[in-house]
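Visitor: Have a look at the structure that comes next, please.
The values are calculated or read from the model by the stated rules, or taken from the named source; none is laboratory data. Note that the structure is a prediction, hence the values are computed from the model and not measured. Reconstructed Cβ throughout: ideal geometry from the backbone, glycine too, with neighbour counts over all protein chains shown. Calculation scope for accessible area: heavy atoms of the full protein, side chains included, ligands and nucleic acids excluded. Shrake-Rupley method; radii C 1.70, N 1.55, O 1.52, S 1.80 Å.
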Amino acid sequence: MDIIKVSGKSRTSAVAGAIAGVFREQRHVEVQAIGASAINQAVKALALSRNYLAEDGFNVVFVPEFVDVEIDQKVRTAIKFVVEER
């Protein structure tokens, strides 16, 4: 399964398009972000992707979860948003 990783410098519209594209193909997508600015960009992209998908007749919800991620041999806590159809 694809995980869309978002940084604080990610373009909101590009991430939203990626979320919508993966969801249309797989009916499920996960978005992961670490840090306040990355989470901010992810949430904005999720809201925008919801609009994109609503135009295609999908009613999606986002379920946030904490997840531990290993980066450079250090464990970091990330937020993972699971995108599912309601």
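Visitor: Please enumerate the residues belonging to segment 22-61 that are among the acidic types (Asp, Glu) and open to solvent by less than 50 Å² (accessible area, probe 1.4 Å).
Guide: Of everything in segment 22-61, just one residue is among the acidic types (Asp, Glu) and open to solvent by less than 50 Å² (accessible area, probe 1.4 Å), namely 30.
Visitor: Modelled with pLDDT under 95 and either of a type in the set (A, V, I, L, M) or loosely packed, with under 13 Cβ neighbours inside 10 Å (or both): does that describe residue 19? Walk me through it before giving the result.
Guide: Details: modelled with pLDDT under 95: no; either of a type in the set (A, V, I, L, M) or loosely packed, with under 13 Cβ neighbours inside 10 Å (or both): yes.
No, not satisfied.
Visitor: Something else: What's the number of the condition residue 17 fails, among (1) more than 21 Å from residue 78 (Cα to Cα); (2) of a type outside the set (D, E, K, R); (3) over 11 Å from the mean Cα position of the chain (by Cα)?
Guide: Every condition holds for residue 17 apart from (3).
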